[in-house]
Structures are given as structure tokens and as C-alpha cells.
Amino acid sequence: MTALARSIFKSILLILNILIFNNILAQTVPQNIGEKRGANDTLIVSRDTVSVKKDSIVPKEQLDDVVKTKAEYKSSSSISNKQTFLSKKAQIIYQDMQIDADYIRIDWDTGKIYARGEQDKNGKITTPAVATQGGKKYEYNEVIYNYKTRQAIAFNARTEENEGVVVAERTKKYNDSVFFMRKAIFTTDEYFLKKKDSLPDYHMSAPNIKLIKGKNNSQLVTGPIQMYIEQVPTPLIMPFAILPFSDKRSAGILIPSFGERQDVGFFLNGLGYYQPIGDHFDLKILSDLYTKGSWNIKPELNYLKKYRYNGNFAADYGYTVRGIKGLDDYSKTKTFRIAWRHSQDSKANPYFTFNASVDIVSSKFYNNTVNNNYIFNGNVLNTTQTSRINVTKRFLNLPITISASAGYNQNFKTGLTDIRLPDMTIAVNQFYLFKPKTGVRTGLLENINVNTGFALSNYVTTTEDEIFKQQMWKDMKTGAKNSISISTNTTVAKYFTFTLSANADNVLTTKILDKSYNPLTNLVEDNYTNKVAGFSTFSTSASLQTVLYGQKNFSKNSPIVAVRHMVTPSVSFNYSPDFGASSWGYYRNYSNARGEMTAYSIFDNGIYGAPTTGLVQSVGFNIVNNLEMKVRSKSDSTGIKKVKIFESLNISGGYNFAAEKYKWSVFSVNAQSSFFNNKLNVNSSLTIEPYQILFDDYSTTGIRTENFGHFSLQGFNLQLSYPMSEAIFGKKEDLAKVYKKKGEIRNENYYFDDDNYSHYSPTWTLNVNANYAYTKGLSKLGTKVATVGLDGSIKLTPYWNINGSTNYDVVNKTLAYTRLGFARDQRSFTITFNWVPFGQYKVYDFFIGIKANILKDAVKYKERSFTQPNSSF
């Protein structure tokens, strides 16, 4: 354990090391910033000054350019010494180098310039000297610069690089391309960078650094490097690092998370490497490693072309090892995943769009994944997986739209996969047959509209082992379908809307079904014959609809102002012939095990299904109710608030005159409403059986009779959801008005009372959802499902956040999938800890991520939390 933990920490340190120095172009990083120097670097400076206040220009002699100086006090020593002393707002400019300091000494013989910042009475530097070269500023306590050789030695040099800062105890510049640094630190702490805090919340320390600057790129070479958090050394240590730098996106190692999973052991999750490729691509190669032998490799290629498209390719491939080899519980499972996302910019081409969402996995992928992000994101609960590619073509001068798609649907419970390759539709835009040239359409004739289209599809249901093999192509079904619908409507008797519609479908398929009973196997066998066959179906309907209003007003003293009830009843008549009749030729018979003739359609299980059987001459009804009331409210500016009792309450059913039995259909009731200022959402539905169901003494399965009027509940579902937050308890207290003293630096988000106790108003959210379902059907007992779920987060302090979710099975009295997450904001980086405390995927995951943008290409930092979407993309 100790060796493993040490190895993990060293690996993480290696990553952090590379990330932190990946954007240091020409700076160094010291550890302890002291005031001492070596004897060889010390200059004894005489401070004999004469009050002179003017600028001077030294004539060019053996120099490449003119040296300009300026100061409040300036003096020159004897001609033989050839020295100049500048103090108080001293400045010297030579070529692209400018030095501003409190004291400057120039030795014209040696070409050395000594500059020092302003000192207090104890000799401590209070204001550093500043050097500017090539548009960049450097701060020093002291610096020795040779303008002839362009070499320099700086002490306690501070350099800001984008969002980072480097401080070195001693820096030697050999030329414009090579820098040596000793005892250096680097940090991206924003407070330290802006000098709001004298100590960084974290830094990286290296005793020796060499920086080599090239024309197009740079290289940083370090010795041992260590990470410090709040000035405390950590075990994150790397023996050396050689890092390339570029002004463009840079490559780097990706920091992993680490932790333990009950079934596969300790792990490093997401260890990898990032490599940009040109201006439009980048590549990540990630890996997951486990101590019990499991591993996974995850390459990801991202691409982006602005205003055109973006997307990525991703894959997972690995082995999940459980148990001990040689024992019964040992297993080794291969898993794979292939994913592709492509999204076209909406402005790229309005007449042509292409989008893809492909996600193909092995049937046991989510049950055996070693990528813990799928656990925290809840993907391990997936029972199906869908992939689709869509292409749509529109025309400027043609009223048609052509669409093509390919689909891949996996069902992990059955192990079957549905493939559509491809589907194509040609849709004609809706048009009116007798549309008037001017004015509004009126009457049945002018409102006749037509919708039509043509579809072509290839479809097969297969297993994972047979995908794209000969058997799959043999089983594939091909078909074509033409659909046309005509409808019209008009107003009758001023208050009623009358609608007429007709639909017709024509289908062609390349396979027909032949069913037969095999007495040897005692099974009914399905045999498909390659043959082109087709069928046509049609139906018509007519409906009448109106809206009724009713309102009850109450007295002025009543808390209820009024109640309004809106009812939208509709009645329809539907007709379709019996396509199961022998005259159509769509159905045949086979003799079952008892010798009975059983009907079946030669188009059963076909690509577009089979024609319906039974004559339909039915009347259907639907009643939509909306019930609201107005109540008096002091919190509302108008003094009246609207309350929805039922946003919708629908009752529907039907009666088929042509049915031989069971003429009445099952009745359905659906309701939707919201309460408590639309916070509590309630959805419910129930089905009512109008016929009597009888049970004998020895069976739990009933028999449906034709005895109408014995209504029984066959199914009921109730869903509740209620989002909560601290706002439901009233207006949030304004701490700025209550407490006058606000914290500084690390406590700036707190307010303090007179006793110096900090105050902060926590924020939180909690989503409560509940579901109850009862299904009976012909069963005597029925089945029940009842769950209560919680999903929320709480911000205890400005820097601590806790989030999680869980579900409780009320029927079985067990906790279902539960997840917890903790996040700590350390200003410059975030520490996250995610945990699944029990169940099949019991795991914890720990991650440290630096937030600075200058490190994002190397670190590719992102919060690892199960509240995020699939982290592979």
C-alpha cells in the first residue's frame, strides 16, 4: 500500500510539473527567496552623489547604441574610474533594455550596470527594481547587467508570464536564448500574481532550471521539482523534466484521478497525453490502470472548424479483471466502445445539414467498465444505447425535403441490436389544393391540404456476434413506403370545428413470412422467403370539437376571487376496413399444436409492420379539462394570484360498432398540475377496465368477460417533483448591511461581526422526486413500484461544495444507486472527491485540477464530477 500510494503521488507530481512549466517562456522558478548572494556576485558600491537633476546622453564610442540615463540625483567619479551613479527614480535605456530602480551604478570600462530597488532603514528592499526588455517586465531586488555582452545576474527576480508568476533567488542570463535559474518557484495563484497576497496557495519548486529559447519554440530543463500546497511540501516529486514550449497550443501529460474500487482495486483513472495537431485537431490518449490487472485505453480526437462544424472521435478498449485467477469468482472480460459526435454549424449551409451521434459499445461494456466516469455519470444504468447519422437536403426552388439516416439501437437486456442502414425519406411540403389567390382560406374546400412522401428502409435485428457478417445481410429486410394524407376543417354553427381526414399507405417489401408448426420440436417456426410483395391500407376519420367555459365569482370578503373551468370536448368517427379478410390476401392460416387453424400475416415482423385486422367503425371521445382559480395575495403587485388546480385533465375512450365483442375500449385518464408557485409538479395517469374480470379459486390470472359496467382499476401512475433552495425560506439576508467589516485576501467572501466571527450565507438546491406505479391487467394481485429520489448540492462556504443523489425503493426498502461528491476550491486549483458508497460499483475517486488558462492545453483541466455530462466528450 505504501509503495503504491508513493507511486501514485509521484505520477501525479510528474504531470503537475510538466503542466506548470509548460507555459514559462523565459522565466525561472526559485524556492526560498532570500537576501543573500554569493561573494562572486557581490558589488561594493560607493554612494557619493551630487545633487544634479537633468537627463544625459553618453556619446556612442565602442557601443552598439546610445546609452540614455536619467535620475533625480546623478554624479560621476574621476575620469580614470569612468563610473556614473544614479539615485532616486533612476533610469537607464540601452537598445531594447530599460532599467528603473532606486539606485544604479554604471561602470563604463567593464560595461556593467548595477541596479537596486528602494530600501528601508534596515536595508530591506521595499520597492523592487524593474527591467523591461522586448515588451516584458521583470522585477528584481538587485541586478547586474553587462550591456556589452548582454549577460546578467539577477537576485530575487519576479516575472509574470500570462496567468503565472516565476520568482527565482538567482538568475543568470548568458545570452538572449539561454537562462540559468537557482531556487525558483512558479505559481498561477491569482492573488499572488496581483500582489493581493504575499504567499501563493500553491507553488512548484525546483533548485535548478535551464531555459533555452528558440525562434519558434523554447525548451525548459529542470532538475528535481516538488509541489507545495499552502507552503507545505507534498510527496508530488519528479526527478527531472524536459518540456517544450510554444506560443501555440502545447502538448503535455494529463493528470489522472486516483482512488479505489471494490471489485477491481486501486487505480489511476485518466492518465494520458495531449497533443495538438495543426489548427483544427487535437489528440488525447488516456488510460485507466488498476492494481488487480484491469486496464483500459481511450484515444480521443477532437476537431473544430469555426462557423462550419465540430466533433470528435473517441474509443475505449480494455479488459476488466475480477477475482483471483484459478478461483471460481475469476473473470476477464473484454470491453470496447466506439463513439463519434459531429455537429454542423447552423449558419454553415441552411440547405444541407449533416449530424452524427454514434455510440457503439460491447453488450457488457457498462456492466464491466473500468472508466469510472461512466459510474459517476450514471451511464452504468443504461439498458439501451442509440446511434444515429442524419443527412438532410433542402432546395431553394423545390417544395421537397430529402432525408437519409442510419440507426443502430442496442438492447443490453435482450442482447439484440436493431440496425437501419439506411433509411431515406422524400417529403413533399404541405400544400393546399384549392388555396385562394388572395384572402383567408374558408370552408372545407379551400382548407383541403395534402401531405405526402416516400420512404425507403433497410432493417435487421441481429446479435453482436453477427454484425456485418453474412447472416446479418441475409436476414436484412428491405422495403419502401408511400404515404399520403388529406385533411380539411371548417367552422360549424360558429362554435364548433369540424375536421375531415383520410390516410393511405402503400408498402413494398422483399420478404414474406411463412409460419408452420414443427411436431418434432413442438415449436412454431418462422421462415422468410425472398419475394417482392406489397399491401395497401387506408383509413378515414371525422371529428367535431368545441370549447366550453364556466366561471364562478365569489364575494369581496372571500379569499377566493373566482374559479374558472374550461372544457374542450371532442368526438370522432373512425373507419378502416378489415385487412385480415381473405379477399385482401394479406393473412394466411397454419395448424397449431392442437390442430387449430391460426391466422397470421405474411408481413408480420416486417420492416413496416403488418396490416391491421378487424373492421373499425368506432366513435371516440376525448374531454380536456382546465381548472384554475384566482385568490387574493398580498405578495402579488396586482393583489390577485392565479392558481392552477388542473393544467390538464383528459378523459378518453371509444366504442367500436363493428367489433364482435369488447366494443368498449379501455378508458384513460391523464392529469397534470403544479402547486406552490409552480414548484411542485404532479403528473398522473390511470386506466380503467369497463368489463368484468373473473378469477377462479386456483388461478391468479383472470378472464375478461363481456359483462360491461364492472369498472376496475388496471393501472395507475403518479409522479411528483419538487425543486427546493434556500430561497423558499424567504429573502436572503444582506450580510453587507448587517456586518460592516469584510474579510481580506483569503477571507474576502466573508463578513465579520464585532467579535471577529465570520458569517456567510450558504446556498443549496435539493430536487425531490417520487414515483408510484401500480399495474394489474388480468393479474389478481398486480405489481407495485414506489421510489423516492433526492438530487442536490450545498455550498457550505465559498470554497466548499457537496453534491449527490440517491434513490430509495419504498417497496423493497432498499437504497438504490447513490452518489456523493465533494469539491474544494483552493483558488488556483480544485480538489474533487467522488464516492459511490455501496452497490456493484462501490468506488471513490480523488482528483486535483489546476484552473489557470495558461496550463489548460497541457493539463486539459476540467472538474471531474458525476454532475457533469459524459466526461469522454
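The values are calculated or read from the model by the stated rules, or taken from the named source; none is laboratory data. Fair warning: this is a prediction, and the values are worked out from it, not measured in the lab. Cβ atoms come from the backbone with ideal geometry, glycine included; neighbour counts cover every protein chain shown.
Listed values, structure above:
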item	result
Every residue from region 783-793 that is surrounded by 15 or more Cβ atoms within 10 Å (Cβ to Cβ) and either at pLDDT below 90 or in contact with a Phe, Trp or Tyr (Cβ under 7 Å, 6 or more places away or on another chain) (or both)	Ala786, Thr787, Val788, Gly792, Ser793
Selection from region 230-270 of residues that are farther than 22 Å from Lys842 by Cβ and modelled with pLDDT of 85 or more	Gln231, Val232, Pro233
Odd one out for Val810, checked against (1) hydrophobic (A, V, I, L, M, F, W, C); (2) at pLDDT 90 or above; (3) touching a Gly at 6+ places or on another chain (Cβ under 8 Å)	(3)
Per-region count, region 420-445, residues among the aromatic types (Phe, Trp, Tyr) and touching a helix residue (DSSP H, G or I) at 6+ places or on another chain (Cβ under 8 Å)	2
Filter pass, Ile419 being aliphatic (A, V, I, L, M), surrounded by 16 or more Cβ atoms within 10 Å (Cβ to Cβ) and touching a strand residue (DSSP E or B) at 6+ places or on another chain (Cβ under 7 Å)	yes
Residue among Asp604, Asp505, Asp526 that alone is part of a loop (DSSP other than H, G, I, E, B) and over 30 Å from Arg632 (Cα atoms)	Asp604
Matching residues, region 607-629, being over 22 Å from Lys663 (Cβ atoms) and in a loop (DSSP other than H, G, I, E, B)	Ile607, Tyr608, Gly609, Ala610
Checking Val561 against (1) under 24 Å from Asn626 (Cβ atoms); (2) surrounded by fewer than 17 Cβ atoms within 10 Å (Cβ to Cβ); (3) within 49 Å of the chain's Cα centre (by Cα), the condition it does not meet	(2)
Residue among Ser555, Ser516, Ser541, Ser501 that alone is surrounded by fewer than 16 Cβ atoms within 10 Å (Cβ to Cβ) and modelled with pLDDT of 90 or more	Ser516
Residue list for region 649-678, restricted to those being touching a strand residue (DSSP E or B) at 6+ places or on another chain (Cβ under 6 Å) and farther than 30 Å from Leu778 by Cβ	Ser673, Ser674
Residues satisfying the stated conditions in region 320-335, i.e. hydrophobic (A, V, I, L, M, F, W, C) and more than 34 Å from the chain's Cα centre (by Cα)	Ile324, Leu327
Sole residue being small (Gly, Ala, Ser) and either under 30 Å from Leu271 (Cα atoms) or part of a helix (DSSP H, G or I) (or both), chosen from Ser343, Ser405	Ser343
Residues of region 597-642 classified as on the phi > 0 side of the Ramachandran plot and within 41 Å of the chain's Cα centre (by Cα), total	2
Residue in region 630-638 that is of a type outside the set (Val, Ile, Thr) and part of a strand (DSSP E or B) present	yes
Residue pairs meeting the criteria (Cβ under 9 Å; at least 6 apart or on separate chains; first within 19 Å of Thr814 (Cα to Cα) and free of Cβ contacts under 8 Å to residues at least 24 places away in the same chain, in region 830-842; second part of a strand (DSSP E or B) and among the charged types (D, E, K, R))	Trp835/Arg819; Trp835/Asp845; Pro837/Arg819
Matching entry among Leu289, Leu381 (being of a type in the set (A, V, I, L, M) and either modelled with pLDDT under 90 or under 24 Å from Tyr817 (Cα atoms) (or both))	Leu381
Selected residue (criterion: farthest from Arg170 (Cα to Cα)) from residues of region 89-145 that are of a type in the set (Asp, Glu) and touching a Gly at 6+ places or on another chain (Cβ under 9 Å)	Asp96
Members of region 580-598 found to be of a type in the set (A, V, I, L, M, F, W, C) and not in a strand (DSSP E or B), listed by number	Ala581, Trp584, Ala593
Residue ID - nearest to Thr320 (Cα to Cα), chosen from residues in region 346-381 that are in a strand (DSSP E or B) and hydroxyl-bearing (Ser, Thr, Tyr)	Ser357
Region 459-474, residues that are part of a strand (DSSP E or B) and in contact (Cβ under 8 Å) with a residue 60 or more places away in the chain	Tyr459
Residues located in region 255-308, provided they are under 24 Å from the mean Cα position of the chain (by Cα), under 20 Å from Phe376 (Cα atoms) and not in a strand (DSSP E or B)	Ile255, Pro256
Candidates Leu766, Leu796 - the one that is exposed (fewer than 15 other Cβ atoms within 10 Å of the Cβ), under 34 Å from the mean Cα position of the chain (by Cα) and closer than 30 Å to Tyr817 by Cβ	Leu796
Residues located in region 83-113, provided they are crowded, with 20+ Cβ neighbours inside 10 Å, within 59 Å of the chain's Cα centre (by Cα) and of a type in the set (A, V, I, L, M)	Ala90, Ile92, Ile99, Ala101, Ile104, Ile113
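The rows are residues; the columns are (1) under 21 Å from Glu464 (Cβ atoms); (2) surrounded by fewer than 16 Cβ atoms within 10 Å (Cβ to Cβ).
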| site | (1), (2) |
| --- | --- |
| Asn312 | no, no |
| Lys332 | yes, yes |
| Val358 | yes, no |
| Asn368 | yes, no |
| Asn379 | yes, no |
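Residue by residue, here is whether (1) closer than 30 Å to Asp578 by Cα; (2) at pLDDT 90 or above holds:
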site	(1), (2)
Gly653	yes, yes
Ala658	yes, yes
Asn678	no, no
Asn681	no, yes
Ile688	yes, yes
Thr701	no, no
Leu718	no, yes
Ile728	no, no
Lys731	no, no
